[in-house]
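To start, the structure under review is shown below, and the notes come after it.
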Amino acid sequence: MRVSVLGATGSIGVSTLDILSNQSPGGPRFQTVALTAHSRVDELARAALASRAEFAAIADPTRYQELKSALAGSDVEVGAGAGAVVEAASREADCVVAAIVGIAGLPSTLEAVRQGARVALANKESLVCAGDLLKREARTSGAKLLPVDSEHNAIFQVLDRPDRVEKLILTASGGPFRDWSLEQMSRASPEEARKHPNWLMGAKISVDCATMMNKGLELIEAVQLFDVPEDRIDILIHPQSIIHSLVAYDDGSVLAQLGMPDMRTPISFALSWPDRMPVPGLERLDLAKIGRLDFHAPDPARFPALSFARAAAAAGGGACVALNGANEAAVEAFLNGRTDFLSISRTAGDMLEETIREGRHASPGSFEEIYDLDRQVRARCCERFGLSS
Ligand code: NDP
Ligand code: MG
């Protein structure tokens with residue numbers, strides 16, 4: 001099976017490469033096609049050599065020479081710039097793992113969809129911003145979008161009768177500030193926001209978990225993937241992150257997928273579907289050791305991002321682009337010390353409201369419209385944070 005990994009140096013990328021390196025008996029044989037990164041040349045070069053990739057692309061064009069030198073004497077072809085990342089996605093593959101963070105991943109995710117490959121999708125922001133258009137492209141090319149996000153992967157695993165679904169239930173750990181007061185949250189530092197209790201992830205998604213915007217984006221992702229309206233998707237706080245999500249059917253049955261919080265399980269499922277493959281080396285679930293599983297409803301006052309995401313999902317694709325763009329800009333400003341934690345969700349909510357007030361909330365008709373709206377929303381956010389866009 002020929003596999004490319006976009007965002008190979010990130011948290012999902014590294015877990016994916018770990019699975020690809022494990023050619024266990026009874027599992028599929030993998031061949032690495034293309035790997036990409038943004039600026040971490042050394043990590044990319046090391047991964048390309050270790051996985052014997054055919055092509056390595058670095059998004060930052062100023063890093064071309066560095067990558068070329070790091071891979072000199074090897075058979076790995078080298079590319080740099082945003083175009084090279086898209087080229088990596090276009091190289092013939094059976095599966096492309098889309099694991100770039102943010103809307104920056106949309107052009108390459110789209111290219112992977114256009115080549116008709118199986119797309120193991122971690123880059124949820126692509127689907128949030130362009131779900132309708134990506135699905136249309138997938139229908140044309142025959143590409144299959146398989147969710148890597150653990151909640152959606154869980155639902156996909158137990159969704160045997162989509163026509164009988166009453167509700168989808170997305171579980172959420174509640175993040176590092178689950179039990180913090182608003183007053184404590186107003187003083188939260190980037191380091192505190194990045195410390196997720198159960199998962200080890202990239203900086204942006206970790207902050208998204210702290211605001212619970214991650215669950216908001218996942219709500220929109222679920223609407224897109226499973227064609228279920230937002231008012232039939234519940235969010236349930238489950239601090240242990242053992243039940244990865246549930247599907248409630250109209251006969252009263254509720255099916256769930258359980259496992260230890262380790263992304264190698266959903267990644268391997270997306271790679272091996274419709275089969276499964278052995279994943280050695282990850283801790284097995286021992287419910288007796290865990291002892292108890294807790295659940296409660298989320299607090300909308302401390303986590304307003306959840307209602308903003310519901311409002312965006314109900315309003316349309318443009319609203320989702322605005323919510324996502326504002327969130328990306330605000331998270332970056334927060335991580336760089338330019339704004340406080342609570343302003344992340346406030347900014348996203350304000351930009352959403354403006355977009356709806358200006359009548360730009362409907363689904364954009366083209367990818368260009370999506371990029372334009374995203375750029376405009378980010379420019380407004382930069383102005384708000386006193387940054388140049
Ligand atoms: P990381 O920040 O760890 O990794 C991001 C990857 O994307 C890196 O390879 C990075 O390269 C690359 N990248 C960043 N910006 C750009 C850009 N502008 N152009 C091209 N490449 C870029 O993120 P995660 O692995 O945590 O997350 C990736 C995606 O998966 C996100 O959409 C996230 O929401 C989703 N996801 C992640 C989960 C997790 O457990 N981590 C769980 C579920 C979903 P470099 O290293 O050079 O900066
Ligand atoms: Mg998730």
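Only one of the listed residues (Arg40, Arg63, Arg46, Arg52) is of a type in the set (D, E, K, R) and more than 15 Å from ligand 1 (Cβ to nearest atom). That residue is Arg52. Taking Glu218 as meeting all but one of (1) acidic (Asp, Glu); (2) free of Cβ contacts under 8 Å to residues at least 60 places away in the same chain; (3) closer than 24 Å to Trp273 by Cβ, write down the number of the exception. Glu218 satisfies every listed condition except (2).
Within segment 307-340, the set of residues being surrounded by 24 or more Cβ atoms within 10 Å (Cβ to Cβ) and touching a Phe, Trp or Tyr at 6+ places or on another chain (Cβ under 7 Å) comprises Leu323, Phe334. Selection of segment 225-280 for residues being in a helix (DSSP H, G or I) and either of a type outside the set (A, V, I, L, M) or surrounded by fewer than 15 Cβ atoms within 10 Å (Cβ to Cβ) (or both) yields Phe226, Glu230, Asp231, Arg232, Arg264, Thr265, Pro266, Ser268, Phe269, Ser272.
If only residues of segment 143-162 that are under 22 Å from Ala34 (Cα atoms) and within 16 Å of ligand 2 (Cβ to nearest atom) are counted, the one that is surrounded by the fewest Cβ atoms within 10 Å (Cβ to Cβ) is Leu146. Residues of segment 207-222 that are more than 9 Å from ligand 2 (Cβ to nearest atom) and more than 11 Å from the chain's Cα centre (by Cα): Val207, Ala210, Thr211, Met212, Met213, Gly216, Leu219, Ile220, Ala222. Looking only at segment 364-381, which residues are outside any helix (DSSP H, G or I) and surrounded by 17 or more Cβ atoms within 10 Å (Cβ to Cβ)? Pro364, the sole residue that qualifies.
Here Ala48 passes the criteria (1) among the small types (Gly, Ala, Ser); (2) crowded, with 23+ Cβ neighbours inside 10 Å; (3) touching a Lys or Arg at 6+ places or on another chain (Cβ under 8 Å) except the one numbered (3). The set of residues from segment 67-97 being in contact with a Pro (Cβ under 8 Å, 6 or more places away or on another chain) and either among the aromatic types (Phe, Trp, Tyr) or on the phi > 0 side of the Ramachandran plot (or both) comprises just one member, Gly81. Cβ separations smaller than 7 Å between residues 6+ apart or across chains give the following pairs from segment 144-171 residues that are over 18 Å from Gly216 (Cβ atoms) and away from ligand 1 (no atom under 16 Å from the Cβ) to residues that are of a type in the set (Ser, Thr, Tyr) and not in a loop (DSSP other than H, G, I, E, B): Arg161/Tyr249; Arg164/Tyr249; Val165/Tyr249; Glu166/Tyr249. The residues of segment 184-206 that are assigned to a helix (DSSP H, G or I), without any contact (Cβ under 8 Å) to a residue 40 or more places away in the chain and within 15 Å of ligand 2 (Cβ to nearest atom) amount to a single one, Ser206. If you check Gly259 against the conditions, is it at pLDDT 95 or above and more than 17 Å from Pro197 (Cα to Cα)? So Gly259 does not fit the description; no.
Remark: pairs (first residue in segment 368-389, over 15 Å from Glu125 (Cβ atoms); second residue at pLDDT 95 or above and surrounded by fewer than 17 Cβ atoms within 10 Å (Cβ to Cβ); Cβ separation under 6 Å; 6+ apart in sequence or on different chains) = Phe385/Arg338; Ser389/Ala379; Ser389/Cys382.
Summed over segment 96-142, residues that are in a helix (DSSP H, G or I), surrounded by fewer than 22 Cβ atoms within 10 Å (Cβ to Cβ) and among the polar types (S, T, N, Q) total 2. Tell me, please, whether a residue that is modelled with pLDDT of 95 or more, over 28 Å from Val113 (Cα atoms), crowded, with 18+ Cβ neighbours inside 10 Å and touching a Gly at 6+ places or on another chain (Cβ under 7 Å) can be found in segment 352-363. Yes, segment 352-363 contains at least one residue that is modelled with pLDDT of 95 or more, over 28 Å from Val113 (Cα atoms), crowded, with 18+ Cβ neighbours inside 10 Å and touching a Gly at 6+ places or on another chain (Cβ under 7 Å).
The values are calculated or read from the model by the stated rules, or taken from the named source; none is laboratory data. Keep in mind that this is a model prediction, so the values were computed, not measured. Cβ coordinates were reconstructed from backbone atoms using ideal geometry, including for glycine residues, and neighbour counts include every protein chain displayed.
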